[in-house]
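The values are calculated or read from the model by the stated rules, or taken from the named source; none is laboratory data. This structure is a prediction, so every number in the text was calculated from the model and none was measured. We place every Cβ from the backbone using ideal geometry, glycine too, and count neighbours over all the protein chains shown. Side chains are part of the model used for accessible areas, which takes the heavy atoms of the whole protein and leaves out ligands, DNA and RNA. Shrake-Rupley method; radii C 1.70, N 1.55, O 1.52, S 1.80 Å.
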Amino acid sequence: MKVIKKPVPVEVWQIPFEPDMNCFLQTLPKEVRVKVAIDYFSGNPMLEGHIKKMSIISLEGEMDAKVGDYIVQGDHDDVWVVQREIFEDTYDIVEC
């Protein structure tokens with residue numbers, strides 16, 4: 001038997017490349033929990049203070065997320081991280 005998985009609309013947020021993440025973090029719903037510890041670029045004055053990655057708390061535990069990755073929220077408020085390349089290959093944007 002072959003089946004096709006039903007499409008499920010999800011909400012997504014792409015982690016931006018910017019020094020001040022407060023605005024981005026405020027756009028996330030309360031169900032998306034971000035670990036407070038954030039890893040910054042260092043040693044490169046052009047990138048100093050820019051966030052390199054953060055952690056998202058998912059049903060499976062902590063998931064590392066980096067700039068450009070997508071935070072995805074499913075229809076049951078579950079969240080997970082999808083790498084940018086994989087997201088662009090497997091998801092279609094249907095509404096902005």
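Starting from the range 61-81, keep only residues that are touching a residue at least 60 places away in the same chain (Cβ under 8 Å), then list their pairs with residues that are open to solvent by 80 Å² or more (accessible area, probe 1.4 Å) and among the small types (Gly, Ala, Ser) whose Cβ atoms are within a distance under 6 Å, requiring at least 6 positions of separation or different chains.
Listed pairs, sorted by first residue: none to list.
What about Met54, is it surrounded by 16 or more Cβ atoms within 10 Å (Cβ to Cβ), modelled with pLDDT under 90 and not in a loop (DSSP other than H, G, I, E, B)? Lay out the reasoning, then the answer.
Values: surrounded by 16 or more Cβ atoms within 10 Å (Cβ to Cβ): yes; modelled with pLDDT under 90: yes; not in a loop (DSSP other than H, G, I, E, B): yes.
Yes, satisfied.
So which of Val10, Val3 ends up being at pLDDT 75 or above, of a type in the set (A, V, I, L, M) and under 16 Å from Gln83 (Cα atoms)? Please lay out each step first, then the result.
Numbers: Val3 fails: under 16 Å from Gln83 (Cα atoms).
So the residue among Val10, Val3 that is at pLDDT 75 or above, of a type in the set (A, V, I, L, M) and under 16 Å from Gln83 (Cα atoms) is Val10.
So in the range 66-82, with the set limited to residues that are assigned to a loop (DSSP other than H, G, I, E, B) and in contact with a Lys or Arg (Cβ under 8 Å, 6 or more places away or on another chain), which one is nearest to Val32 (Cα to Cα)? Break it down stepwise before answering.
First, pick out the residues of the range 66-82 that are assigned to a loop (DSSP other than H, G, I, E, B): 67-69, 74-78.
Checking the rest, the ones that are also in contact with a Lys or Arg (Cβ under 8 Å, 6 or more places away or on another chain) come to 67-69.
Values: Val67: 16, Gly68: 17, Asp69: 14 Å.
Looking at residues that are assigned to a loop (DSSP other than H, G, I, E, B) and in contact with a Lys or Arg (Cβ under 8 Å, 6 or more places away or on another chain), I get Asp69.
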